[in-house]
Amino acid sequence: MSKNNKLLLHSCCAPCSIYPLSEIKKNGFDTTLFFNNPNIHPFKEFKKRMNTFKNYCKQEKHPFIINSEYGLKNFLRSVVFKEQERCQICYLMRLEVVVDKAKELNFDHFSTTLLYSKYQNHNLIIKICENLAEKKNINFFYDDFRVGWQDGVNKSKELGLYRQPYCGCIFSEQERYDKSLN
């Protein structure tokens, strides 16, 4: 580990932050959480996730940063006619902002709670993070946080945190309702 042990942890939501944050701290990092989810749909859902994140961080006394910019239009413009690649585009959009913020604030490591979800494309997230780390000259901290999935779920329920029922984008919201119709 380098002399600077500051890590910026991209956080997609409060429940998904619990287990990765505990593991990262075990590795000796001084960690700040960064909520950056500009494409959550609808706007009420975006606000609910952001407020849950903020309340969780304050309650647990975790340092945090919030990107409150709602970027649905930019996300949609980026994925039009590329809907099958939307997750890759979404990961890159969010993680590039995280890496840039980490560089701006003199963190020398970053990671993401996207690595906690068993519903995300784990290998693609790793590849994007590794590419960004090399391109932007910053360290990517990897851990397979999926092993703590149930621990995080249990703790989030114990804390009474809002747990969202879908990934967040307009497409995942539609898929959620499509499945319920079958």
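The values are calculated or read from the model by the stated rules, or taken from the named source; none is laboratory data. It should be emphasised that the depicted structure is a prediction, and the values quoted were computed from it without experimental measurement. Here the Cβ is made from the backbone with ideal geometry for all residues, glycine too, and neighbour counts use every protein chain on show.
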* To do: Considering (1) touching a residue at least 24 places away in the same chain (Cβ under 8 Å); (2) surrounded by 17 or more Cβ atoms within 10 Å (Cβ to Cβ); (3) out of contact with any strand residue (DSSP E or B) (no Cβ under 6 Å at 6 or more places or on another chain), say which one Tyr166 fails and leave the rest.
  => (1)
* Selection within the range 103-127 - touching a residue at least 60 places away in the same chain (Cβ under 8 Å) and under 14 Å from the mean Cα position of the chain (by Cα) -> Phe110, Ser111, Thr112, Thr113, Leu114, Leu115, Tyr116, Ser117
* Asked: Can you tell me which residue in the range 47-66 is surrounded by the most Cβ atoms within 10 Å (Cβ to Cβ), limited to those that are within 21 Å of Cys167 (Cα to Cα) and touching a residue at least 60 places away in the same chain (Cβ under 8 Å)?
  -> Tyr56
* Pick from the range 70-96 the residues that are in a helix (DSSP H, G or I) and of a type in the set (Val, Ile, Thr): which of them is surrounded by the most Cβ atoms within 10 Å (Cβ to Cβ)? -> Val79
* To do: Considering only residues that are among the hydrophobic types (A, V, I, L, M, F, W, C) and more than 15 Å from the chain's Cα centre (by Cα), look in the range 32-81 and name the one that is modelled with the highest pLDDT.
  => Phe43
* Structure fact -> Selection from the range 125-163 of residues under 22 Å from Cys57 (Cα atoms) and among the small types (Gly, Ala, Ser) yields Gly148, Gly152, Ser156, Gly160
* Asked: Can you pull out the residues in the range 156-171 that are assigned to a loop (DSSP other than H, G, I, E, B) and among the charged types (D, E, K, R)?
  -> Arg163
* Scan (1) in a loop (DSSP other than H, G, I, E, B); (2) in contact with a Leu (Cβ under 8 Å, 6 or more places away or on another chain); (3) more than 16 Å from Ala14 (Cβ to Cβ) for the single condition His62 breaks and write down its number. => (3)
* Asked: Do any residues in the range 134-155 that are farther than 20 Å from Leu8 by Cβ and assigned to a helix (DSSP H, G or I) have Cβ atoms under 9 Å from those of residues that are hydroxyl-bearing (Ser, Thr, Tyr) and at pLDDT below 95, where the two are at least six apart or on different chains, and which pairs are they?
  -> Arg146/Ser117; Trp149/Ser117
* Qualifying residue in the range 82-96 (condition: more than 13 Å from the chain's Cα centre (by Cα) and touching a residue at least 60 places away in the same chain (Cβ under 8 Å)) -> yes
